[in-house]
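Notes for the one structure printed next.
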């Protein structure tokens with residue numbers, strides 16, 4: 001050590017040391033200030049914000065996965081499973097579980113064979129969720145993908161597979177309008193529900209019975225709560241609540257009849273309905289064309305939706321309850337009943353038909369240009385659907401009286417079926433015209449109404465119900481689609497009994513007179529409904545041909561030469577056996593042309609199916 | 001000189017040693033909890049840390065065995081030695097997480113940037129002691145200490161170890177301010193520092209370092225990547241609440257959510273398990289070490305001792321402040337241990353050597369000049 005330096009060290013300068021002591025004090029003050037910052041921050045985190053961070057810590061490690069309950073099956077009346085479930089595998093992603101989420105997503109993009117941008121887009125569309133909430137990366141992946149992901153779970157932190165019960169349509173699109181479909185719940189629907197029951201990506205019934213019996217079919221969700229570490233690996237299960245499966249619903253529909261009806265209607269649009277005469281149970285309720293239910297499973301694409309909207313056969317419209325058509329000659333049942341009840345006609349009253357009816361100098365033609373001859377009684381008029389005969393009755397009875405009988409037979413009012421958006425049809429009265437059209441009633445209009453044209457509108461279900469009332473001497477039933485609700489073990493929880501909603505004006509005498517006319521329509525040589533005739537079962541029925549437009553230029557043109565949209569709608573409504581009615585079948589073929597030839601064979605096929613089964617049972 | 005003077009033993013500072021032992025005990029207990037649930041093979045970190053503490057006490061013995069005033073003479077030899085180690089580690093060091101910080105000594109992997117901190121304290125104390133005029137330093141007189149600081153600073157930044165490099169500049173600033181500057185010098189230095197920060201942002205910082213700072217400024221933007229550490233650590237500290245979750249019951253730590261929880265984030269484990277009350281207790285013990293150190297600085301019999309102690313204390317204090325502030329999310333994540341509390345041999349042994357210097361100055365305050 002050099003001399004000079006040692007001298008320096010060995011001669012402390014007291015004055016300088018005092019200065020240094022002051023600076024040490026200053027240093028203490030500065031350091032205390034900094035320590036105060038730490039204490040304030042500590043207080044902020046651990047006292048002020050402690051609840052917030054406590055919750056964050058919980059969510060950090062506790063993961064909750066919902067277990068969706070298997071949805072109830074939909075069965076036909078003989079317990080055949082129309083709709084069941086199949087597992088659908090979704091890929092879930094929990095952001096918080098990955099240290100490098102981008103890498104995981106890149107791998108997933110490769111595995112799912114999807115563009116990164118698509119995946120990111122889906123994540124964004126899920127909206128703002130905390131990072132521990134699982135996001136659905138892809139729905140309905142294949143078994144191979146599931147196996148691959150499960151085998152590589154260690155390299156894919158935060159990726160999970162979710163098995164969700166999904167609908168399996170065992171009979172294809174059969175009965176699609178009644179059954180309806182499921183789709184992802186919308187934000188609006190979510191708000192209406194109790195939050196515990198539904199979450200953002202859940203499926204909910206959107207239409208038909210899936211919607212109406214959502215509560216019964218759905219069951220109750222279970223949940224699994226478990227603790228994870230930072231790698232998203234499960235450490236231990238904390239809680240498991242098994243889901244409660246949904247209830248099965250047993251329909252009154254006979255799937256064989258339903259299938260026969262829809263096969264017959266292939267390529268056409270319209271409705272086929274079969275109802276039990278004595279209970280109001282629906283054995284067939286079919287609107288054609290069918291909806292393609294499979295398209296709805298993982299959300300319908302805009303393209304498919306547009307296709308449906310633009311289809312001239314309007315598959316989205318349930319023709320059985322939403323289609324409103326002029327009832328045409330099927331309405332003659334109403335007119336006949338009114339005539340008999342009001343004493344305008346008796347069974348033996350003869351009205352000549354020379355092809356037209358004159359009122360105030362205007363001619364109203366019968367569909368048969370050269371007329372039905374000099375002697376037309378009720379039976380013949382019904383069988384051959386003579387318009388002139390019913391023009392006379394209508395004129396005598398008047399539109400308001402006709403309306404009373406029409407309503408008593410269930411027309412102009414909703415039938416009360418559980419399905420949504422049922423239309424009520426229209427039974428015109430003078431008052432109605434005054435109110436709605438602001439015009440007085442023209443007498444000529446009564447002429448049109450008496451044969452079911454003019455302002456008259458009815459849904460196929462209403463015509464069916466009217467036929468049921470005719471067949472059972474006036475009892476109106478609420479159309480029933482369900483027989484029972486059962487739990488998973490097959491135990492019946494709820495049964496549905498026939499519910500009479502009204503009684504038609506008229507006694508068995510009048511009804512049997514009209515029924516005789518309907519029987520003749522199918523069985524007499526000139527009857528309009530002979531195409532519905534069965535080999536060993538007696539059928540009675542009424543045809544109807546509803547004019548869509550009244551255009552002179554198409555008057556004598558063959559039906560094939562008329563553009564489809566101008567062709568008449570074809571009706572046929574019938575019951576069997578004629579002497580002891582059990583079942584009513586009502587058919588409407590949109591733009592099908594003549595009722596007897598277009599709708600008759602469909603009704604016949606459905607009846608055959610019904611009686612075939614009865615026979616084999618015996 | 002190696003003869004043991006009875007006066008030296010009488011003046012030995014048992015208080016300081018006691019504080020160090022208490023902090024050491026808290027450290028070991030905390031490390032035990034940090035790795036409690038983790039599966040590991042080989043010696044657990046708390047046992048290793050215990051070895052380092054024992055090693056550290058031997059270092060203290062070695063440091064107090066000679067008069068600290070010899071450091072004035074020794075400092076350039078030490079300086080050269082540490083710089084050589086830094087260069088050596090830069091070229092030969094083991095890559096650990098993309099950085100070259102380690103030298104494998106067989107039984108011990110030395111991180112030469114840690115002793116470099118203490119070396120800088122000794123170097124600057126010696127320089128300012130020799131050069132102090134009493135009127136404050138001019139810029140010209142600061143050129144040498146700036147160069148002396150700059151060489152290890154750049155070497156460490158190149159490793160890259162932003163935290164330690166930053167620490168060197170903190171030590172430089174603290175000690176330089178302590179010895180008093182002229183006002184003009186201060187102004188010029190501040191301008192220089194500002195431009196240096198700008199330059200280093202553009203040319204010196206590696207992308208991950210930049211991202212850490214950017215994340216700190218906006219942690220929510222990228223929660224899972226860079227913001228992850230901050231977010232998780234804040235959750236750990238905040239969820240501790242007033243009284244903590246209890247020893248060994250911290251969920252953030254036990255379930256692996258906290259990264260680096262036995263090294264830089266050791267304090268969040270403590271705060272989670274012991275809560276606000278326990279953390280205040282920790283502060284009380286820990287900062288009493290700092291203030292006791294400053295007390296030693298003020299009671300030194302010469303200016304060199306004061307400067308040495310102020311340097312050692314500021315070294316410990318700034319590391320502690322930056323580490324705790326970072327753990328609680330008020331400073332960006334930089335690699336910065338909490339001296340005596342984070343797991344890591346190099347840091348611990350360096351700090352223990354610093355404690356040795358404090359003890360050394362303390363026990364020789366009444367000693368006659370050589």
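The values are calculated or read from the model by the stated rules, or taken from the named source; none is laboratory data. Everything numeric in this text was worked out from a predicted model, so none of it was measured. When we count neighbours, we look across all protein chains shown, and the Cβ atoms used for this are built from the backbone with ideal geometry, even at glycine.
Quick check: is even one residue across region A:481-502 surrounded by fewer than 21 Cβ atoms within 10 Å (Cβ to Cβ), in contact (Cβ under 8 Å) with a residue 12 or more places away in the chain and over 30 Å from the mean Cα position of the chain (by Cα)? No, there is no match, as no residue in region A:481-502 is surrounded by fewer than 21 Cβ atoms within 10 Å (Cβ to Cβ), in contact (Cβ under 8 Å) with a residue 12 or more places away in the chain and over 30 Å from the mean Cα position of the chain (by Cα).
Check region A:201-216 and report whether any residue there is in contact with a helix residue (DSSP H, G or I) (Cβ under 7 Å, 6 or more places away or on another chain), within 14 Å of chain B (Cβ to nearest Cβ) and under 28 Å from residue A:125 (Cα atoms). Explain how you work it out, then say what you get.
Going residue by residue through region A:201-216, those that are in contact with a helix residue (DSSP H, G or I) (Cβ under 7 Å, 6 or more places away or on another chain) are A:204-205, A:208-210.
Subset that is within 14 Å of chain B (Cβ to nearest Cβ): none.
No: region A:201-216 contains no residue that is in contact with a helix residue (DSSP H, G or I) (Cβ under 7 Å, 6 or more places away or on another chain), within 14 Å of chain B (Cβ to nearest Cβ) and under 28 Å from residue A:125 (Cα atoms).
Could you please let me know if residue A:57 is more than 10 Å from chain B (Cβ to nearest Cβ) and either under 23 Å from residue B:324 (Cα atoms) or not in a strand (DSSP E or B) (or both)?
Values: more than 10 Å from chain B (Cβ to nearest Cβ): no; either under 23 Å from residue B:324 (Cα atoms) or not in a strand (DSSP E or B) (or both): yes.
For residue A:57, the condition - more than 10 Å from chain B (Cβ to nearest Cβ) and either under 23 Å from residue B:324 (Cα atoms) or not in a strand (DSSP E or B) (or both) - is not met.
Having 3 or more residues that are free of Cβ contacts under 8 Å to residues at least 40 places away in the same chain is the bar; report the helices (runs of 4 or more DSSP H) wholly within region A:349-436 that clear it. Break it down stepwise before answering.
Details: elements: A:378-384, A:387-397, A:399-408.
Qualifying helices (runs of 4 or more DSSP H): A:399-408.
If you filter region B:265-308 down to residues that are under 14 Å from the mean Cα position of the chain (by Cα) and more than 7 Å from every other protein chain (Cβ to nearest Cβ), you find that the one that is farthest from residue B:120 (Cα to Cα) is B:286. Residue B:325: farther than 29 Å from residue B:89 by Cα, over 16 Å from the mean Cα position of the chain (by Cα) and at the interface with another protein chain (Cβ under 10 Å from one of its Cβ atoms), yes or no? Considered against the rule, which asks whether it is farther than 29 Å from residue B:89 by Cα, over 16 Å from the mean Cα position of the chain (by Cα) and at the interface with another protein chain (Cβ under 10 Å from one of its Cβ atoms), residue B:325 comes out as no.
Among the residues of region B:237-273, those identified as at pLDDT 80 or above, crowded, with 24+ Cβ neighbours inside 10 Å and more than 14 Å from residue B:323 (Cα to Cα) are B:238, B:239, B:240, B:272, B:273. No other residue among A:359, A:340, A:316, A:285 is out of contact with any strand residue (DSSP E or B) (no Cβ under 9 Å at 6 or more places or on another chain) and surrounded by 16 or more Cβ atoms within 10 Å (Cβ to Cβ) apart from A:340.
Mind listing just one residue for me: the one in region A:522-537 that is out of contact with any strand residue (DSSP E or B) (no Cβ under 6 Å at 6 or more places or on another chain) and part of a helix (DSSP H, G or I) and, of those, surrounded by the most Cβ atoms within 10 Å (Cβ to Cβ)? Top of the filtered list is A:531.
To keep it simple, each residue is scored yes or no on (1) free of Cβ contacts under 8 Å to residues at least 24 places away in the same chain; (2) exposed (fewer than 14 other Cβ atoms within 10 Å of the Cβ); (3) in contact with a helix residue (DSSP H, G or I) (Cβ under 8 Å, 6 or more places away or on another chain); (4) away from chain B (no Cβ under 14 Å).
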residue: A:236; (1), (2), (3), (4): yes, yes, no, no
residue: A:242; (1), (2), (3), (4): no, yes, no, yes
residue: A:245; (1), (2), (3), (4): no, no, no, yes
residue: A:250; (1), (2), (3), (4): no, no, no, yes
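Taking the listed residues B:101, B:69, the one that is within 14 Å of another protein chain (Cβ to nearest Cβ), at pLDDT below 90 and surrounded by 15 or more Cβ atoms within 10 Å (Cβ to Cβ) is B:69, with no other qualifying.
Have a look at A:165, A:130 and point out the one that is modelled with pLDDT under 85 and within 20 Å of the chain's Cα centre (by Cα). Outline the logic, then answer.
Working: A:130 fails: within 20 Å of the chain's Cα centre (by Cα).
Exactly one residue qualifies, and that residue is A:165.
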